[in-house]
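Following: one structure in structure tokens, then a few remarks.
The values are calculated or read from the model by the stated rules, or taken from the named source; none is laboratory data. All figures in this text were calculated on a predicted structure; none of them were measured in a lab. Cβ placement follows ideal geometry from the backbone for every residue including glycine, while neighbour counts extend to all protein chains displayed.
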Amino acid sequence: MVYHPRMRVRALPALVLALVAAALVRPSATPELGPVAARWVSSTLDGMTLDQKIGQLLMPSFRTTYFSNDSDRHDRLVSLVREQHVGGFLLFAGRLPAPNVLLGGGYPRGVPGQPLAAASTNNRLQAESALPLLNAADFETGVGFRIGGATTFPRAMAFGAAGDEALAVEAGRITALEARALGVHVNFAPVADVNNNPRNPVINTRSFGENPDVVSRLASAYVRGLQDGGMVATLKHFPGHGDTDVDSHLGLPLIPHPRARLERIELPPFRAGIAAGAGAVMTSHIELPGLDPEPSRPATLSPPVVTGLLRNTLGFDGLIYTDSMRMRAVTELASPGVAAVQAVVAGHDVVIHSPDDVVAFDALKAAAEDGTISEARLDRSVRRILEAKAALGLHGSRRVSLDQVPDLVGSRAHREVAAEVSRRGITLLKDERGSVPLRVPRDASVLYLSVVDYPTGWGHGAPSATFLPELRARWDDVTAMELSDRTTSGELAVVRADLGAYDAVVASVFVRTASYSGRMDLESQLQDFLRTVARRTEVRDVPFVTVFFGNPYAATFMPELPATLLTYDFYTLAETSAVRAITGEAPITGRLPIALGEYPIGHGLTRAAR
């Protein structure tokens, strides 16, 4: 990797600096296939049956919690390997059963996957398969995004705020190391979307920012890190999902811009990522009349977008994956079989997460038999898939060592890098009263408000679970309250009446943009309450500091707040970094990767560590 003059490498802990330095000198090119691997690809392709070829185009899924060989889950997956000859699996986290009821419900369903269970399942399925399996996962924020105990990095927008390509390279390399230890070979990351729509309910902090140049540089750096670590990087969601206000999990978004605008804003990060060596691209379930005049046809099913633009114009010859075929943007348009055939006809190599993999297999086979999918077209996709497997060495060794998982996954060295990204990403948007760092004495009376968009669905830990203990470790008298859309006006009145009893107020605001939720705002009554706190504390000359977790655009609705910090993230890492920033234990150096109201891209107040 060549050092870019705009990269910023500030003071790092010695361990992190060593890791980043190592990342900067690694070659980034994907190795060419050697003669043995090339022969394996050709001989394997020549000996495959039609069923085996069709199966390579399908990627079903499994959840990474433990199950025995004597179980329905095991039998279903083995059947897909033996009968449908699938080419690989998509790994998800765990899932708990929950009732689908009116009025109540909302219990968390997701649970982290288990590292050893993931590795064991991959090994068992590899043993059942005649061909090596090419497995994938959405490890956007590291393997810890799906798997408990693995390293979790901040959301991409925090990397944008940190502005350091070297950290993106190292995050990719660490993710690749941990993923390969579990038997996962393809990362459905980085997100190369330019998030230039503040009302985007599905991309948001998953994007590096709204400047195409910054997104291009950071996405390319992450690609280099992943592929240097021996993992296939996947640019998504082609040709760009950033400028929409519809969640494609719920419906079909429309991006109405002409081709010239797409060339200027949406496409540059994909061009840069391809130039950096990305081995795969994932398309999006979005309608783009500027690229395909066919009405209500998503990019997923569009020959002009997939074959015309991606293959022919951009010259990409790596793997092309669909996004999940279970999303409503597709399921409301076509049945599983029809959608699978149309996706392959459009130019995809792999159809992932079909609502019915058996139906999709049967439909693809019928299309191959009647000539809808030609033999030459099918062989081109199968050859790409086999070449990817051979480039990763799977033709020689496909199983992983369970004994090595604890040595490679979730180490302190990896967590140090993640902590450094989180620390660098903290952005001080404003500090009108000079309250950051907070200088009240240890025996001061502090009111802590945990302000939550809605209290349900926090499957990976309750908000403030780390922030509050960290506050109480620094101040002896902390009163904590949680407010949400379920808090009554009477309860807010009680808190409002008690504001005069405190020497400082700290608020954490948690606003999510979660797939399938359709929500991305803080309830208006809570916004009004925080404005009241701002007025009351100003009259009494009491410090009031607010930290926003998750959706940073939520801060634009409350410009009255005197001191505002952004983390772009959730949970332990972000909460720890925020407390250290508030108390002055860590410097604040983050810069906005997006424009927020009157604050332009690049804005951010700095604070030295005390």
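Some observations on this one:
- Per the conditions (1) assigned to a helix (DSSP H, G or I); (2) among the acidic types (Asp, Glu); (3) surrounded by fewer than 21 Cβ atoms within 10 Å (Cβ to Cβ), the sole criterion not satisfied by residue 575 is (3).
- Annotation for region 327-338: no member residue is part of a helix (DSSP H, G or I), of a type in the set (A, V, I, L, M) and more than 12 Å from residue 301 (Cβ to Cβ).
- Enumeration of residues in region 184-203 that are crowded, with 24+ Cβ neighbours inside 10 Å and either touching a Pro at 6+ places or on another chain (Cβ under 7 Å) or modelled with pLDDT of 95 or more (or both): 184, 185, 186, 187, 189, 190, 191, 192, 193, 194, 195
- In region 542-561, the residue that is nearest to residue 439 (Cα to Cα) out of those that are surrounded by fewer than 21 Cβ atoms within 10 Å (Cβ to Cβ) and touching a residue at least 40 places away in the same chain (Cβ under 8 Å) is 542.
- The single condition among (1) of a type outside the set (Asp, Glu); (2) free of Cβ contacts under 8 Å to residues at least 60 places away in the same chain; (3) within 18 Å of residue 533 (Cβ to Cβ) that residue 472 does not satisfy is (3).
- Any chance residue 356 is of a type in the set (D, E, K, R), within 28 Å of the chain's Cα centre (by Cα) and closer than 28 Å to residue 120 by Cβ: yes
- Number of the exception - residue 308 against (1) assigned by TED's automatic domain parsing to the domain that holds residue 271; (2) assigned to a loop (DSSP other than H, G, I, E, B): (2)
- So residue 400, is it of a type in the set (A, V, I, L, M) and part of a helix (DSSP H, G or I): no
- Only listed residue being surrounded by fewer than 23 Cβ atoms within 10 Å (Cβ to Cβ) and either within 21 Å of the chain's Cα centre (by Cα) or in contact (Cβ under 8 Å) with a residue 60 or more places away in the chain (or both), chosen from 144, 149: 149
- Region 345-361, subset out of contact with any Pro (no Cβ under 8 Å at 6 or more places or on another chain) and part of a helix (DSSP H, G or I), residue farthest from residue 301 (Cα to Cα): 358
- Filter result for residue 209 (at positive phi and crowded, with 24+ Cβ neighbours inside 10 Å): yes
- Cβ pairs under 9 Å, 6+ apart, first in region 501-529 and at negative phi and modelled with pLDDT under 85, second outside any loop (DSSP other than H, G, I, E, B) and buried (at least 22 other Cβ atoms within 10 Å of the Cβ): 519/511; 520/204; 520/511; 520/550; 520/553; 520/554
- Residue in region 39-47 that is among the hydroxyl-bearing types (Ser, Thr, Tyr), surrounded by 19 or more Cβ atoms within 10 Å (Cβ to Cβ) and not in a loop (DSSP other than H, G, I, E, B) present: yes
- For region 247-303, the set of residues classified as over 18 Å from the mean Cα position of the chain (by Cα), not hydrophobic (A, V, I, L, M, F, W, C) and not in a loop (DSSP other than H, G, I, E, B) consists of 259, 261, 263, 264, 268, 271, 287, 298, 300, 303, listed by residue number.
- Of the residues 405, 421, the single one that is within 27 Å of the chain's Cα centre (by Cα) and in the same structural domain as residue 139 (by TED's automatic domain parsing) is 405.
- Under the condition of being of a type in the set (S, T, N, Q) and farther than 24 Å from residue 386 by Cα, the residues counted in region 314-355 number 2.
- Of all residues in region 429-441, those that are crowded, with 18+ Cβ neighbours inside 10 Å have Cβ atoms under 7 Å from Cβ atoms of residues that are at pLDDT below 95 and charged (D, E, K, R), 6 or more apart or on another chain, in 437/610.
- Single unsatisfied condition, residue 307 versus (1) closer than 23 Å to residue 223 by Cα; (2) free of Cβ contacts under 8 Å to residues at least 24 places away in the same chain: (2)
- The residues of region 172-211 that are aromatic (Phe, Trp, Tyr) and either outside the structural domain of residue 280 (by TED's automatic domain parsing) or out of contact with any Gly (no Cβ under 8 Å at 6 or more places or on another chain) (or both) amount to a single one, 188.
- Exactly one residue out of 394, 378, 386, 364 is under 24 Å from residue 52 (Cβ atoms), of a type in the set (A, V, I, L, M), assigned to a loop (DSSP other than H, G, I, E, B) and in contact (Cβ under 8 Å) with a residue 40 or more places away in the chain, and it is 394.
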